[in-house]
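Step one of this worksheet: look at the structure below.
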Amino acid sequence: MSPAPPAAAAASTSKVEATVEASDSTPLDLEISTFLHGFDVDELTKLEWTAISATPRRPVVAFNCAPLPLELVECILQWTQRGDMLSENPSDLRRFARVSKLWCQAARRILWGQRMIIQNAPSIKRIREAFETSPQLAEYVRKVDLSSPDDRWEPKRVQEFFKRSGAMLRSTEKVEEMFLLHVGLSDPVRKKFFSALQTLKITNFNSDASCWSAPSHTSLSSSDCPDVTALTLTLSRWTHLTTLALHGYSHFPRLISPSLLPLHTSPSYRLKNLDLSGMELESSTLYWLLGRSLSSSSLSDPTPTYSSIEILSIQNVTGLAPDDVRFLLGSLKHSLRDLQLSCDVDDWDQTLPPLGRQLANDTFEGLEKLSSLIFTTDQELPAAMLDSLAALPKLEMVSFNCPSLPALRALSFVNNSGPALKDLGLEVWGEDGSWTCKSRYQLASLCRKRKIDLLIDGTDIECLEDAWHGIGNYGVDLENAWEGLEQLNWVGRGASTGIMRDRRLRR
């Protein structure tokens, strides 16, 4: 005698079977990203029962062999997701889930283990109902996204959203990645939500500070803005954190200032990825956020501990000094592989003298493992700094967004760079007048000879060469385009003849 189906499933096998066959008829109120591929929470709870209790329509051929281990079945199903095959054919995973109870369990673990985007309180309610019906589902959840609630403009609904989120997180103890829209919360909701966060073993945390939940943006109080104290206390509790991304903590009262840091505790994590943008920081706050990620040694343990950060992004961060960045990069010389750095003159600590608001020439020296660099600044890049970058042995991709970069220095950088360089991007816009059509063509020719992919202001090597040879520009050389137009207005046909003669001489 077969057992009765669960309460969330249909009352009979035929009804369950019909529900699964007509899955599109069930409205989808649960927003769990595109990885569900049309699966409703109720439908997920029915799939396993269908595979177990549904009467087969054809005779079942029994094979005398042991079932595959669950881990191996998961590897098979995960392999089918390569190349977005599931997104192209969503029915594949539905068929996999109906093969057997084992395959249904593997399919559910894959579905619930991917990024779960939750946007409203009713969705959280349905998730908790699914957990009550199938408690094992809560153990499959690994990634939760609370960064885009639908009712972010209505304070009462925002409070309800995070209140229910805190209750849900207490049942998903194995969550590892959290994407959060950090808004102002009432005291009871804040305590409930962050206390639930602190119990999790988070490895990847991404937080965007916002005052969207405030009724008015003109008169903000501390209760309308994210609670920075709760955030820093939560960070100090996490020991497994490897990826930290903080955005938007730039103005009081959502400013991460040294006075709001916990007095008797500091983070013990070792980060591999740090992303800071749209923030105002002091050097002490930056070093506190790094935890134990920098290289260090002590008298009790003379063995040096090398830095752990491999990816670093600092963009639109104000309040730091150039020496802070220089010291940080010097501490990461044995581990840093990917660097994104944006530092304009106005971003530095304005209490420093003008000469103190410039990066030193040796800022990038010694980064032996650096392979990718995206550097944005409105300062002029000294030749010595470019030479130190060209000397890095593993630098493969470089992107300079530097309007004041002269063309000759760019040519020298390519000439001096090692064989590892494969991609070069320049956003220069020729403000200093050195970026003529000829200089762009010379750099394009050098990069083609060195087999380096080049983009200058979004123009690739082929277009730069065509511009120099006058191809695709209606017969007008870009180097003398404005002069040619002016001469056409005053001289007429003679100017056009002169431009054609110049192009023939170049050929």
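The values are calculated or read from the model by the stated rules, or taken from the named source; none is laboratory data. Quantities reported herein were computed from a predicted structural model and do not represent experimental measurements. FYI the Cβ positions are ideal-geometry reconstructions off the backbone, even for glycines, and counts take in every protein chain you see. Accessible surface areas use protein heavy atoms only, side chains included; no ligands, DNA or RNA. Shrake-Rupley method; radii C 1.70, N 1.55, O 1.52, S 1.80 Å.
What's the number of the only condition in (1) touching a helix residue (DSSP H, G or I) at 6+ places or on another chain (Cβ under 8 Å); (2) assigned to a loop (DSSP other than H, G, I, E, B); (3) open to solvent by 10 Å² or more (accessible area, probe 1.4 Å) that residue 415 fails to meet?
Here residue 415 clears every test but (2).
Restricting to the stretch 244-278, and then to whatever is under 22 Å from residue 225 (Cβ atoms), of a type in the set (A, V, I, L, M, F, W, C) and at pLDDT 90 or above, can you tell me which residue is surrounded by the fewest Cβ atoms within 10 Å (Cβ to Cβ)?
245
Out of all the residues in the stretch 95-110, which are open to solvent by 40 Å² or more (accessible area, probe 1.4 Å) and either in a loop (DSSP other than H, G, I, E, B) or on the phi > 0 side of the Ramachandran plot (or both)?
Taking the stretch 95-110 and keeping what is open to solvent by 40 Å² or more (accessible area, probe 1.4 Å), we get 95-96, 98-99, 101-103, 105, 109.
Scanning the stretch 95-110 gives 98, 99.
Filter the stretch 354-367 for residues that are part of a loop (DSSP other than H, G, I, E, B), open to solvent by 80 Å² or more (accessible area, probe 1.4 Å) and farther than 12 Å from residue 388 by Cβ and give the result.
If the condition is that a residue be part of a loop (DSSP other than H, G, I, E, B), open to solvent by 80 Å² or more (accessible area, probe 1.4 Å) and farther than 12 Å from residue 388 by Cβ, then 358 is the only one that fits.
Looking at the stretch 383-398, is at least one residue of a type in the set (S, T, N, Q), within 26 Å of residue 326 (Cα to Cα), out of contact with any Leu (no Cβ under 7 Å at 6 or more places or on another chain) and in a helix (DSSP H, G or I)? Quick ask: steps written out before the conclusion?
Looking only at the stretch 383-398, we keep the residues that are of a type in the set (S, T, N, Q), and these are 388.
From what is left, the residues that are within 26 Å of residue 326 (Cα to Cα) are 388.
Filter once more, so that each one left must be out of contact with any Leu (no Cβ under 7 Å at 6 or more places or on another chain): 388.
Imposing the further condition that a residue be in a helix (DSSP H, G or I) reduces the set to 388.
Within the stretch 383-398, one or more residues are of a type in the set (S, T, N, Q), within 26 Å of residue 326 (Cα to Cα), out of contact with any Leu (no Cβ under 7 Å at 6 or more places or on another chain) and in a helix (DSSP H, G or I).
What is the number of the single condition among (1) at pLDDT below 90; (2) not in a loop (DSSP other than H, G, I, E, B) that residue 403 does not meet?
It fails just one condition, (2).
Residue pairs, Cβ under 7 Å, 6 or more apart or interchain, first in the stretch 139-168 and closer than 11 Å to residue 117 by Cα, second open to solvent by 50 Å² or more (accessible area, probe 1.4 Å) and not in a loop (DSSP other than H, G, I, E, B). List them.
Close Cβ pairs satisfying both conditions: 143/115; 145/115; 147/208.
Residues in the stretch 326-348: is at least one surrounded by fewer than 17 Cβ atoms within 10 Å (Cβ to Cβ), aromatic (Phe, Trp, Tyr) and in a helix (DSSP H, G or I)?
There is at least one residue in the stretch 326-348 that is surrounded by fewer than 17 Cβ atoms within 10 Å (Cβ to Cβ), aromatic (Phe, Trp, Tyr) and in a helix (DSSP H, G or I).
Taking the stated definitions as given, is residue 139 assigned to a helix (DSSP H, G or I), out of contact with any strand residue (DSSP E or B) (no Cβ under 7 Å at 6 or more places or on another chain), open to solvent by 20 Å² or more (accessible area, probe 1.4 Å) and closer than 26 Å to residue 70 by Cβ?
On the way: assigned to a helix (DSSP H, G or I): yes; out of contact with any strand residue (DSSP E or B) (no Cβ under 7 Å at 6 or more places or on another chain): yes; open to solvent by 20 Å² or more (accessible area, probe 1.4 Å): yes; closer than 26 Å to residue 70 by Cβ: yes.
Considered against the rule, which asks whether it is assigned to a helix (DSSP H, G or I), out of contact with any strand residue (DSSP E or B) (no Cβ under 7 Å at 6 or more places or on another chain), open to solvent by 20 Å² or more (accessible area, probe 1.4 Å) and closer than 26 Å to residue 70 by Cβ, residue 139 comes out as yes.
Determine whether the stretch 327-338 contains at least one residue that is at pLDDT below 90, closer than 25 Å to residue 248 by Cβ and not polar (S, T, N, Q).
Scanning the stretch 327-338 turns up no residue that is at pLDDT below 90, closer than 25 Å to residue 248 by Cβ and not polar (S, T, N, Q).
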